[in-house]
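One structure below.
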Amino acid sequence: MRLNSTFPIMPSLAKHFMRLAQLEGRKALPKCLPNPPIGCVLVRDGRVIASGYTQSPGQYHAEAMALSQLEGDLSDVIANVTLEPCSFHGRTPSCAKALVTRGIKRVVVSMPDPDPRNAGAGIEMLKAAGVEVTVGVLEKSVLKDIGPYLAKSYGHGDKDSHVDTPMTY
Ligand SMILES: [Zn+2]
């Protein structure tokens with residue numbers, strides 16, 4: 001267990017909020033497809049102040065939807081997201097960049113994104129900007145929810161997929 005002054009959140013609390021993010025993610029199906037159904041909750045002072053989930057392709061990702069509900073300084077806000085925020089600008093701007101731009105200093109991620117376009121780059125982008133990142137909260141449970149969609153999102157095991165990597169974001 002790692003606790004320090006810059007990340008004053010108890011592991012049990014981190015699980016609680018990730019569970020809420022997971023429930024948000026379940027609202028994304030089926031409109032989000034072929035993107036994975038991701039959920040996000042933004043927490044301030046131990047309370048959820050905004051939440052989001054993956055919208056139709058080209059619309060808000062979970063993080064962007066949650067961020068859109070808030071104004072002002074978010075440096076005291078903890079973002080809890082079920083999948084590593086995207087690092088690249090696809091159909092929508094990068095969520096990792098959006099979190100940094102809005103001043104978020106702490107991000108809790110359930111699982112890393114296996115999409116080869118991301119694959120750790122989102123987490124690195126956050127860390128490079130000085131954001132404290134925790135990965136692996138409720139990972140097994142979240143994987144059950146989004147694992148099948150992650151596989152599809154990068155074109156593996158999908159008979160109808162083209163040779164090109166589909167742009168799912
Ligand atoms: Zn994103």
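What follows is calculated from the coordinates using simple rules that are stated; it is not laboratory data. Fair warning: this is a prediction, and the values are worked out from it, not measured in the lab. Cβ sites come from the backbone with ideal geometry, for glycine too, and all protein chains shown count toward neighbours.
A cut-off under 13 angstrom between Cβ atoms defines the neighbours of residue 25, and their net charge, with Lys, Arg +1 and Asp, Glu -1, is +2. Distance from the alpha carbon centroid of region 69-89 to that of region 132-146 works out to 16 angstrom. Beyond 18 Å in Cα-Cα separation lie the following of the pairs 15/97; 15/140; 105/140: 15/97; 105/140.
Compute the signed sum of charges (Lys and Arg +1, Asp and Glu -1) over the other residues within less than 12 Å, Cβ to Cβ, of residue 57. Kindly include the intermediate steps, with their values, before the conclusion.
Details: positive: 31, 91; negative: none.
Once all neighbours under 12 Å are counted, the net charge is +2.
Near residue 75: Cβ cut-off under 15 Å, other residues only, Lys/Arg at +1 and Asp/Glu at -1. The net charge is -1.
Distance from the C-alpha centroid of region 39-68 to that of region 97-119: 13 Å, rounded to the whole angstrom.
Mean sequence separation of contacting Cα pairs (under 8 Å, at least six apart), scaled by the length of region 30-124, corresponds to a relative contact order of 25 percent.
Under the simplified labelling scheme, the residue 71-residue 89 pair shows an inter-label distance of 2.6 nm, with each label point 7 Å from Cα along Cα→Cβ.
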